[in-house]
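The structure appears right after this line, and notes come after that.
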Amino acid sequence: AAGLEVDRVTEAELKENGFRSTRKTKIVCTIGPRTCEFEEIEALAVGGMNVARVNMCHGTREWHRDVIRRVRQLNEEKGFAVAVMMDTEGSEIHMDDLNDVESTKAEDGQIWTFTVRAFDQPHRPERTITVNYDGFAEDVKVGDELLVDGGMVTFVVIEKIGPDVICRCTDPGLLLPRANLTFWRNGSLVRERNAMLPTISSKDWLDIDFGIEEGVDFIAVSFVKSAEVIKTLKSYIIDRSPGSQIGIIAKIESIDSLKNLEEIIQVSDGTMVARGDLGAQIPLEQVPLVQHEVIQLCRQLNKPVIVASQLLESMIEYPIPTRAEVADVSEAVGQQADALMLSSESAMGQYPEKALAVLRSVSLRIEKCRREEKHWDVTDLRIVSSSKLDEISEEICNTTSRMANKLKADAIFVYTKTGQTASLLSRNRPDCPIFAFAPSTSIQRCLNLKWGLIPFRLDFSDDMESNLNRTFSLLKARAMIKSGDLIIVVSDVMQSIQAIKVP
């Protein structure tokens, strides 16, 4: 293919708003019952979704397979580059499916039974919930507090009878299927029960096999406790599918991950700050601090970071967000996270497209404001390369970004065979967009998670001059650049920087 493939929406956005005002912050949307049909997925792609997420906690593998194939079909037929992220369930303690009802209400003072016994559907006693962890009844003590979904509903344990734990509801609310459970004793989280659970359960391994088979772009691992888990998974994937480009995203959502934060980020291909579950395990007021710390660390270590959970929670039911939610999204954009993620808002909410539009418009506005304030990013970035050669390209990328800012360049062009150079440029958060030309669609999709990168698929040679001439003529033909634009060019084929006016 002699052509040049780029995401249709990006192309439209570039033409409409010009380079400087193309959105830099990427958006991940969870696909669920509200958004799983082809037209619905296409509407999200048109609305600016960069990555489609499937959450293995819900739905059957067949359902997920259909969704993944629809995204692929959309990319092929309509010229998108939407990446697919599969999120594993992880073995935290959670409730079961509630006999297929959407939710059930726990009232103040009601007595409920949490048990490890499994029931046949029709024979389940009223107000009885099965829990997925066998050691459950041994681990809890009378007087412990049981928090559902980090405090959406609270129970206190009043009695234990064999496999059954009898609780009284002290904070009423809605119980949702598969909500996670945490125990608190004297005001702090009880952690014995967690220590015994593997991070990746037997179901997760089957889901991972399924993800490899379907060729997903990213696998997000829930409740990561240490770097070991990520290493194990990586070697497993290489073994099962040599040459595969699957990126592993570590979800930071448990107390344990905070102790090993740097090692975890170092070995993964990206990180997700899962604020909902995190808030169930650490005091709420610490969550924003952890978010900030993770974003900073990821930036230093050159890993993409996604801020997730409850960004626009109220839009599950209402067509507009609360002002507090908008402030929260602005903060994440201002901290320059690579991506923002919608969970229930897009999976089962009433207004998936509106929620996406809010993320998009807030991102654009805050990014513009940062640029106008000449908020040069002067973060001192540490060297992350292990070899001298890599260190050179890293330094070249740092210089390229500074140069682009000073010369007010219109764009940076990067020709990258692995995506690494593009990613080092993105880490610098330059003012202008970065056009990343990569030889394969899988690298193109993976780069769709990185801040400020506009990934193109293009076959290029080692002869930089002919690459440039070809790119210029292809882009001019599509009215994506014009004569006189100032472009800074860098490539991992040749270690040099060129500043060129488009002829």
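The values are calculated or read from the model by the stated rules, or taken from the named source; none is laboratory data. Note that the coordinates shown come from a computational prediction; the quantities given were computed from them, not determined experimentally. Cβ sites come from the backbone with ideal geometry, for glycine too, and all protein chains shown count toward neighbours. When the accessible area is computed, the model is the full protein with side chains, heavy atoms only, and any ligands, DNA or RNA have been set aside. Shrake-Rupley method; radii C 1.70, N 1.55, O 1.52, S 1.80 Å.
Using a basic spin-label model with each label point 7 Å from the Cα along Cα→Cβ, how many nm lie between C57 and E5?
About 3.3 nm separates the two model spin labels.
Counting Lys and Arg as +1 and Asp and Glu as -1, each charge on the Cβ, what is the dipole of segment 94-196 about the Cα centre in debye, to the nearest 20?
240 debye
Sorted from largest to smallest, which semi-axis lengths in Å does the alpha carbon gyration tensor of the chain give for its equivalent ellipsoid, taking the root of 5 times each eigenvalue?
43, 22, 21
Skipping prolines and chain starts, which residues have an amide H placed within reach, meaning under 5 Å, of the one on D338, given they are 5 or more residues away or on another chain?
Here V305 satisfy the definition.
How big is the Rg/Rh ratio for segment 1-110, C-alpha atoms only, Rh by Kirkwood, two decimals?
Radius of gyration over Kirkwood radius for segment 1-110 works out to 1.11.
Quick check: convex hull of the Cα atoms in segment 252-307, volume per residue, rounded to a whole Å³?
Per residue, the Cα convex hull of segment 252-307 comes to 62 Å³.
For the chain, what is the calculated [θ] at 222 nm in deg cm²/dmol (nearest 500), taking -39500 (n - 2.57) for each run of four or more DSSP H residues and dividing by its residue count?
-11000 deg cm²/dmol
Residue-wise, which Karplus ³J(HN,Hα) couplings in Hz belong to segment 434-440, taking 6.51 cos²θ - 1.76 cosθ + 1.60, θ = phi - 60°, and x for glycine or proline?
Karplus-based 3J(HN,Hα) across segment 434-440 equals 10, 8, 9, 9, 10, x, 10 Hz.
Let me know the whole percent of all Cα-Cα pairs from segment 16-174 that are separated by more than 28 Å.
Taking all Cα-Cα pairs of segment 16-174, the fraction more than 28 Å apart is 43 percent.
What percentages make up the Cα-Cα pair-distance distribution of segment 104-148 when the bins are 10 Å wide from 0?
Binned Cα distances yield the sequence 21, 54, 25, 1.
Keeping all protein chains in place, calculate the accessible area per residue for segment 94-196 (probe 1.4 angstrom), answer in Å².
Solvent-accessible surface per residue comes out at 51 Å².
Cα-based Rg of segment 33-76 per 2.2 N^0.38 Å, rounded to two decimals?
Against the empirical 2.2 N^0.38 Å value, I get 1.08 for segment 33-76.
Starting from the amide H of M272, placed 1.01 Å from N in the peptide plane, find each other amide H under 5 Å away whose residue is 5 or more places distant or on another chain.
When sequence neighbours closer than 5 places are left aside, the close amide H contacts are A250, K251, I252, I306.
Calculated FRET efficiency, E76 and N186, Cβ-Cβ r, R0 51 Å, to nearest 0.05?
The formula returns an efficiency of 0.35 here.
How many times 2.2 N^0.38 Å is the alpha carbon radius of gyration of segment 176-303?
On the way: Rg = 15.2 Å, N = 128, 2.2 N^0.38 = 13.9 Å.
My calculation over the Cα atoms of segment 176-303 gives 1.10.
Separation between the A12 and Y318 pseudo-spin-labels, each 7 Å from Cα along Cα→Cβ, expressed in nm?
2.9 nm
Which percent of the accessible area of the chain is formed by carbon and sulfur heavy atoms (probe 1.4 angstrom)?
Reported share for carbon and sulfur atoms: 53 percent.
For segment 94-196, what Kirkwood radius comes out of the mean inverse Cα-Cα distance, in Å? Can you show the working numbers first?
Details: mean 1/r = 0.0737 Å⁻¹.
Hydrodynamic radius (Kirkwood, Cα pairs) of segment 94-196 is 13.6 Å.
List, in order, the whole-Hz ³J(HN,Hα) value for each residue of segment 362-374 obtained from phi through the Karplus relation with A = 6.51, B = -1.76, C = 1.60 and θ = phi - 60°; use x for Gly and Pro.
5, 4, 4, 5, 5, 4, 4, 4, 4, 5, 5, 6, 6
I need the fraction of alpha carbon pairs in segment 357-503 separated by more than 21 Å, rounded to a whole percent. Walk me through the numbers on the way to the answer.
Values: 4724 of 10731 pairs.
It works out to 44 percent of all Cα pairs.
In nm, give the distance between the simple-model label positions of E263 and I392, each being 7 Å from the Cα along the Cα-to-Cβ direction.
3.4 nm
I'd like the Karplus ³J(HN,Hα) series for segment 303-310: coefficients 6.51, -1.76, 1.60, θ = phi - 60°, whole numbers in Hz, and an x wherever there's a Gly or Pro.
Using θ = phi - 60°, the values come out as 10, x, 10, 10, 9, 10, 6, 6 Hz.
Using the alpha-carbon atoms, what tilt in degrees (0 to 90, nearest 10) does helix 61-78 show relative to the longest principal axis of the chain?
That works out to roughly 20 degrees.
Once the piece of chain linking D120 and T418 is laid out straight, how much longer is it, given 0.36 nm per residue of separation minus the C-alpha distance between them? List each step's numbers first, then the result.
Values: separation 298, 0.36 × 298 = 107.28 nm, distance 5.14 nm.
Separation in residues times 0.36 nm, less the Cα-Cα distance, equals 102.1 nm.
For L284 and S466, what does the FRET efficiency come to when R0 = 41 Å and r is the distance between their Cβ atoms, rounded to the nearest 0.05? Let's see the in-between values first.
Values: r = 57 Å, r/R0 = 1.38.
After rounding, the FRET efficiency stands at 0.15.
Short version: what are the Cα gyration tensor semi-axes of segment 255-406, square root of 5 times each eigenvalue, largest first, in whole Å?
Over the Cα atoms of segment 255-406, the semi-axes work out to 30, 21, 13 Å.
If R0 is 22 Å, what FRET efficiency do you get for I158 and E102 from their C-beta distance, rounded to 0.05?
The pair I158/E102 has a calculated efficiency of 0.20.
For segment 369-434, which GluC sites (Glu not before Pro) are both in a DSSP coil and crowded by at most 11 other Cβ atoms within 10 Å?
Those that pass, being in a loop and sparsely packed, are E373.
Along the charge dipole of the chain, Cβ charges K/R +1 and D/E -1, which of S21, I320, A220 sits furthest on the positive end?
S21
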